[in-house]
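Step one of this worksheet: look at the structure below.
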Amino acid sequence: MRNGKDIIEILIVISVGILLLNLVGDFSAKIKIASERLNVQEYNKYRVVIASLMTLFGALIEWRNIVKIFTKGFCFRFSLFIIAIFLILFPMIPWEIMLSIFKFKAAIYLSAYISTALSILGGILLVRSFRKCE
């Protein structure tokens, strides 16, 4: 009964995805409070947590490939892995450092949408950097 097993797997993936998004919502409220209090350390800590959760969400999008990696083995794509690590770590860098090193405009770097998109894409590419051996 393959269809029943597929439905259960999909329900589990959806449940984990909803849990991750709920956690992001909780930490988004905390990051707003930290920014209103001008608490930079708390703000940066919550940004790292949110970026990590969104990376996990991106990996969850590729859940079928994760299953294949553990059941059928994998080969490693180094170039894709390096890009994925960059996309995962970039949103986690504190904004003061980014502004002082790269002279980015604050509005561009601090955009939550850009940070979220980079984290999700990093999670997807991280899973895709481990491919089935042929």
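The values are calculated or read from the model by the stated rules, or taken from the named source; none is laboratory data. All values reported here derive from a predicted model rather than from experimental measurement. Neighbour counts run over all protein chains shown; Cβ positions are idealised from the backbone, glycine included.
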How many residues of the stretch 25-59 are aliphatic (A, V, I, L, M), surrounded by 14 or more Cβ atoms within 10 Å (Cβ to Cβ) and over 13 Å from PRO91 (Cβ atoms)? The answer is 3
Yes or no: ILE18 surrounded by fewer than 13 Cβ atoms within 10 Å (Cβ to Cβ) and within 16 Å of the chain's Cα centre (by Cα)?
yes
Here are some residues: ILE82, ILE7, ILE66, ILE93. Which one is surrounded by 11 or more Cβ atoms within 10 Å (Cβ to Cβ) and modelled with pLDDT of 95 or more?
ILE82
